[in-house]
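One structure is given here, and the rest of the page talks about it.
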Amino acid sequence: IGFSVSVVRAYVMLLFRIGADMAGRVYDMVTALMVSAALLAMYQPLYLADAAFYLSHGAILGILILLPCLTKMLPQKRWLEGSLAGLAIHIALFPVLLWFYFEIPTYSILINMVVIPLMTWVLSLGMFGVLFSLLWLPVGKVLFGGCDWILSFFSWVSEKCCRLPFSRVVFGKPNWWEVVIYYVILLSFVFLLKKCKGKPNVAKFRKAGLLLAIFMVLIFVKVPNGKLQITMLDVGQGDSIFMKGPRGHTYLVDGGSSDVNELAKYRIEPFLKSQGVGVLDYVFVSHGDLDHYSGIKEMLERQLTGVRIKQLVLPTNYKEDKALLELVKLAMQKNVGVAVIKVNQELKEGDLEITCLQPDEGRKALGGNAGSMVLDVTFREFDMLLTGDVEGKGEEQLVGHLPKKTYDILKVAHHGSKYSTSERFLQFARPKIAWISAGKQNSYGHPHGETLTRLEKIQSEVFQTTKYGAIMVETDGDLIDIFPSSI
């Protein structure tokens, strides 16, 4: 089974138990646990940044510290004994789970009440299956079949629970001070309960514990701050822009890459969940190139376990693109709404306005990169232009559609290709800041030197994912704060 963190922790604690029995000493589980943690940290200091380290040791601490308190406070029912240990572990690990995974599986305690008792059967059937396979293979197969049935049952129960309402609650990544407050409150409550001499007033402690539990959960709830937050994700050679409105509505503009596999699972969704986003209100697809929709397609396929999408928004020319038609078909299979946004149509959220500038309909409609969806984002005095891969004739048309204003931020089209972002276009847009999303050492040479020179001429400050990683801007409509992830 290898030497993972949890295996080494269990192995060290087992050695302490054997040593105590051999020496006739009392086995001190806390000492064994701390020695395990110290040895692992000395062997590999990076374990201190690993989820497995905290989950494995934190689970044992939860049982040692919290289980006796729960036993005092809750009624002594035999059927409840097995679940109290699970509850103690969940309380102890709540901030740890949020720190590393950003969400809580709501029904996990109930699932564990079914799963944990059956694990004894899995282990026993597996051990006897190995033994009898050596003696008489048919009996071994029957025993392994029992293991398979139980494990398949686990999978079935988990999948059914995923389909229930509120099966996962996404809180986002907590701040360090929120984690500190949580554990200070928890340990203070445990200390007071243990300090009570004799039998404590169980009813009062139950009420106090319930109120504290609600407060401790609310610590981690993220509420809208009235500002607009926009992030250009680092998706390699591709595009993905996330926006969170002043009232908490969420928008994703494109989400694809030509050089990153499983983009949604390992980049887009972890980022969204870290921001407390479990549901996207609108997902825009600018056009049908893989590097703009591959991650969105993956998200549609992962609606059961990933970030849910309410509405897929496509350009008016989507029927001319086979890839977008397949995306529509997949969205309908997953019960995701599909909408088409036309020129001058807009979405509003308070002072936030997202207006479609292109592509045109009918005879003027263009295909490919030239027919990319272009969005004008306005929030009070802040303006941003999202251009997809628009270039050539599409960019020429866009010049005529641009409002008579300059932009604070321009998402540079086509990853900084030399065939887009012309001098004439820049004279109209006049962006103060330019964002470029591209992959490191990509084969296309993006962003091109000529494009960077044109941006330099108009004194536009350039931020590239190749240099800074993901780039976030937060604005109240007047002041702008930019947070490149590598600074």
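The values are calculated or read from the model by the stated rules, or taken from the named source; none is laboratory data. Since the structure is predicted, the reported quantities are computational estimates derived from the model, not experimental observations. Cβ sites come from the backbone with ideal geometry, for glycine too, and all protein chains shown count toward neighbours. The area values use the complete protein model at the heavy-atom level, side chains included, leaving out ligands, DNA and RNA. Shrake-Rupley method; radii C 1.70, N 1.55, O 1.52, S 1.80 Å.
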- [ ] Consider residue 215 carefully, then state whether it is closer than 18 Å to residue 90 by Cα, open to solvent by 80 Å² or more (accessible area, probe 1.4 Å) and in contact (Cβ under 8 Å) with a residue 12 or more places away in the chain.
- [x] yes
TODO: Check whether at least one residue in region 376-390 is open to solvent by less than 40 Å² (accessible area, probe 1.4 Å), in contact with a helix residue (DSSP H, G or I) (Cβ under 8 Å, 6 or more places away or on another chain) and farther than 21 Å from residue 229 by Cα, and report yes or no.
DONE: yes
Open item on the list: Can you pull out every residue in region 242-263 that is closer than 20 Å to residue 171 by Cβ and either open to solvent by 10 Å² or more (accessible area, probe 1.4 Å) or without any contact (Cβ under 8 Å) to a residue 60 or more places away in the chain (or both)?
Closed with: 242, 244, 247, 248, 249, 250, 252
Task: Single match in 456, 474, 395 (criterion: surrounded by fewer than 19 Cβ atoms within 10 Å (Cβ to Cβ) and touching a residue at least 24 places away in the same chain (Cβ under 8 Å)) - done: 474
- [ ] Answer yes or no as to whether residue 308 is closer than 30 Å to residue 101 by Cβ and open to solvent by less than 60 Å² (accessible area, probe 1.4 Å).
- [x] no
- [ ] State yes or no: is residue 418 touching a residue at least 40 places away in the same chain (Cβ under 8 Å), closer than 22 Å to residue 241 by Cα, open to solvent by 20 Å² or more (accessible area, probe 1.4 Å) and touching a Ser or Thr at 6+ places or on another chain (Cβ under 6 Å)?
- [x] no
Open item on the list: aliphatic (A, V, I, L, M), under 24 Å from the mean Cα position of the chain (by Cα) and under 24 Å from residue 383 (Cβ atoms): which single residue out of 313, 307, 343 fits that description?
Closed with: 313
Open item on the list: Could you go through region 154-176 and let me know if any residue there is surrounded by 13 or more Cβ atoms within 10 Å (Cβ to Cβ), over 30 Å from residue 209 (Cβ atoms) and not hydroxyl-bearing (Ser, Thr, Tyr).
Closed with: yes
Open item on the list: Being modelled with pLDDT of 95 or more, out of contact with any strand residue (DSSP E or B) (no Cβ under 7 Å at 6 or more places or on another chain) and of a type outside the set (A, V, I, L, M, F, W, C): is that true of residue 424 here?
Closed with: no
- [ ] For region 366-376, indicate whether the set of residues that are in contact with an Asp or Glu (Cβ under 8 Å, 6 or more places away or on another chain) and charged (D, E, K, R) is non-empty.
- [x] yes
